[in-house]
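Enquirer: Got a structure for you, questions after.
The values are calculated or read from the model by the stated rules, or taken from the named source; none is laboratory data. Source: prediction; values computed, not measured. Neighbour counts are summed over all protein chains in view; Cβ atoms, including those assigned to glycine, are modelled from backbone coordinates with ideal geometry.
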Amino acid sequence: MNDRQIKTVWQDSSSQFQPMSLGEVHMRAAQFSDVVRKRNLREYIAGYVIVLVFCFYIWFLPIPILKIGSALTAAAALFVMWQLHRRSSKPQPETDAEAIVEHYRANLVRERDMLASVGSWYLAPFIPGFALFSAGKLIERDHITLGSALLNIGLPAAIFAGIWLLNKNAARRLQRRIDALYLQPVDVERALNTEALEEKEAP
Amino acid sequence: MPCTQGDQDKLFEQAMAQFGQALGRIAAAYEADAERRLDLLQDLQIALWRSFASYDRRCSLKTWVFRIAHNRGTSYILRQKRMALSRLCNIEDYELPSNQPCPESLTDLQNAKAAIHQIIDALHPPDRQIMLLYLEDLSGTEIAQITGVSAGAVATKISRFKALLARKFAFSGDAQ
């Protein structure tokens, strides 16, 4: 047996490929921008729902601290929507025809940057609003217990911190993968073994 | 010089005639599910047609088509299988499952295809692409040009792939 035979085995695989007609290609290519527009529209609708709910809270809730917390949360939702718009409307470079490893690296870098910056543009804007809102809910109670404090402040804080840490770790793993792309095979093995060990040790 | 839509159409038809079946196999190597594979295949064809608007003939049609197809495949993996990415490995780290009988015969075609897919599916995009281009019978130089990996590194990785196949099958791994 030789590699000619293994290639023949592979190329004899029936891919059941039926090319699209040119008319269909033209139509689908024109529809592509509509798909992106609809996806963005869904994100904006979700954002506006949050803004409307918290604007209703401003009017409905009884104490000022809850009203201010609601206003800050609605403002944070608007800020995050603006960030989403700004980031998704940046023109993407025509990268499909670049060398495969460069394309892979560019994808990983984009993903790493997005994960690494989640804390600053996605989580941080919501912290003041949620902090005031949680504090207001505590103040509303007759008796503040340790349990209610943990539930109203500790739990949201832990969720925020957990999301931030998960994203930071994912960004670090991507950075190691990016670094490994330009190393010699023996170094790649060492870098990836380090990564596997760290994943095993992670809780 | 940018292509007109007529040029795009001609290049697309030429690419489909020459590399259509290879595109089908590439899509199968990125997505096992038949329905999702069909979507990926349509996405590949639309991306290819759109890309011809900027095709400047500085590289061959073959290089262009394989770059577009594999780059789309990479984006697909990163988008659809983000969680599975940490389970993928480089060819240097791949080990055949120890519970499989070895060596097997290439005369059992289904078995041979399944074994090749098993290795390919476990690889990170750059190594997966090198092996797929090797299986499509591209030369080391062509693979290096398409991937951007040095010819020496390509040869080392293909050699490792052949060694795995040799352990799996009664396979000599002769020169290309």
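Enquirer: How many residues, within the range B:90-116, are at pLDDT 60 or above and at the interface with another protein chain (Cβ under 7 Å from one of its Cβ atoms)?
Expert: Total meeting the criteria: 7.
Enquirer: Here are A:ARG105, A:ARG110: which of them is surrounded by fewer than 16 Cβ atoms within 10 Å (Cβ to Cβ) and either under 30 Å from A:LEU181 (Cβ atoms) or at pLDDT below 85 (or both)?
Expert: On the way: A:ARG105 fails: surrounded by fewer than 16 Cβ atoms within 10 Å (Cβ to Cβ).
Testing whether each residue is surrounded by fewer than 16 Cβ atoms within 10 Å (Cβ to Cβ) and either under 30 Å from A:LEU181 (Cβ atoms) or at pLDDT below 85 (or both) leaves just A:ARG110.
Enquirer: Tell me, which residue of the range B:148-170 that is in contact (Cβ under 8 Å) with a residue 24 or more places away in the chain and closer than 20 Å to A:ILE178 by Cα is nearest to the other protein chains (Cβ to nearest Cβ)?
Expert: Residue satisfying both the conditions and the ranking: B:LYS157.
Enquirer: In addition: I need the full set of residues from the range A:115-131 which are touching a Lys or Arg at 6+ places or on another chain (Cβ under 8 Å) and without any contact (Cβ under 8 Å) to a residue 12 or more places away in the chain, in order please.
Expert: Within the range A:115-131, the first condition is being touching a Lys or Arg at 6+ places or on another chain (Cβ under 8 Å), and the residues that meet it are A:115-116, A:119.
Those that are touching a Lys or Arg at 6+ places or on another chain (Cβ under 8 Å) and without any contact (Cβ under 8 Å) to a residue 12 or more places away in the chain: none in the range A:115-131.
Enquirer: Is the range B:57-64 home to any residue that is within 20 Å of the chain's Cα centre (by Cα), crowded, with 22+ Cβ neighbours inside 10 Å and either modelled with pLDDT of 90 or more or more than 18 Å from A:TRP10 (Cα to Cα) (or both)?
Expert: Narrowing the range B:57-64 to residues within 20 Å of the chain's Cα centre (by Cα): B:59-64.
This time we only want the ones that are crowded, with 22+ Cβ neighbours inside 10 Å, so: B:64.
In the following step, the residues that additionally are either modelled with pLDDT of 90 or more or more than 18 Å from A:TRP10 (Cα to Cα) (or both) were identified as B:64.
Looking through the range B:57-64, at least one residue is within 20 Å of the chain's Cα centre (by Cα), crowded, with 22+ Cβ neighbours inside 10 Å and either modelled with pLDDT of 90 or more or more than 18 Å from A:TRP10 (Cα to Cα) (or both).
Enquirer: Counting only residues that are free of Cβ contacts under 8 Å to residues at least 40 places away in the same chain, part of a helix (DSSP H, G or I), touching a Leu at 6+ places or on another chain (Cβ under 8 Å) and not small (Gly, Ala, Ser), how many does the range A:136-165 have? Break it down into steps so the answer makes sense when it comes.
Expert: Our first condition is that a residue be free of Cβ contacts under 8 Å to residues at least 40 places away in the same chain; within the range A:136-165, this holds for A:138, A:141-162, A:165.
Of the ones still in play, those that are also part of a helix (DSSP H, G or I) are A:138, A:146-162, A:165.
Among the residues that remain, those that are also touching a Leu at 6+ places or on another chain (Cβ under 8 Å) are: A:148-149, A:152-153, A:160.
Checking the rest, the ones that are also not small (Gly, Ala, Ser) come to A:152-153, A:160.
Adding up the residues that qualify gives 3.
Enquirer: Let me spell it out: the conditions are (1) modelled with pLDDT under 85; (2) assigned to a helix (DSSP H, G or I), and A:ILE127 meets all of them except one. Which number is the exception?
Expert: It is condition (1) that A:ILE127 fails.
Enquirer: Of all residues in the range B:118-143, how many are over 18 Å from B:PHE19 (Cβ atoms), at the interface with chain A (Cβ under 9 Å from one of its Cβ atoms) and either assigned to a helix (DSSP H, G or I) or acidic (Asp, Glu) (or both)?
Expert: Counting residues in the range B:118-143 that are over 18 Å from B:PHE19 (Cβ atoms), at the interface with chain A (Cβ under 9 Å from one of its Cβ atoms) and either assigned to a helix (DSSP H, G or I) or acidic (Asp, Glu) (or both) gives 2.
Enquirer: So which residues in the range A:102-137 are under 16 Å from A:LEU155 (Cα atoms) and either out of contact with any helix residue (DSSP H, G or I) (no Cβ under 9 Å at 6 or more places or on another chain) or among the charged types (D, E, K, R) (or both)?
Expert: A:LYS137
Enquirer: Give the number of residues within the range B:9-52 that are more than 9 Å from chain A (Cβ to nearest Cβ) and more than 30 Å from B:ALA122 (Cβ to Cβ).
Expert: Residues meeting the conditions: 4.
Enquirer: Name the pairs whose Cβ atoms lie under 6 Å apart, with the first residue in the range B:13-34 and of a type in the set (Asp, Glu), the second in a helix (DSSP H, G or I), and 6 or more positions between them or separate chains?
Expert: Note: pairs meeting the criteria are B:GLU31/B:ARG37; B:GLU31/B:LEU40.
Enquirer: Can you tell me which residues in the range B:1-56 are in contact with a Pro (Cβ under 8 Å, 6 or more places away or on another chain) and surrounded by 14 or more Cβ atoms within 10 Å (Cβ to Cβ)? Give the derivation first.
Expert: Initial filter on the range B:1-56 (in contact with a Pro (Cβ under 8 Å, 6 or more places away or on another chain)): B:16, B:20, B:45, B:53-54.
The answer is B:MET16, B:GLY20, B:GLN45, B:ALA53.
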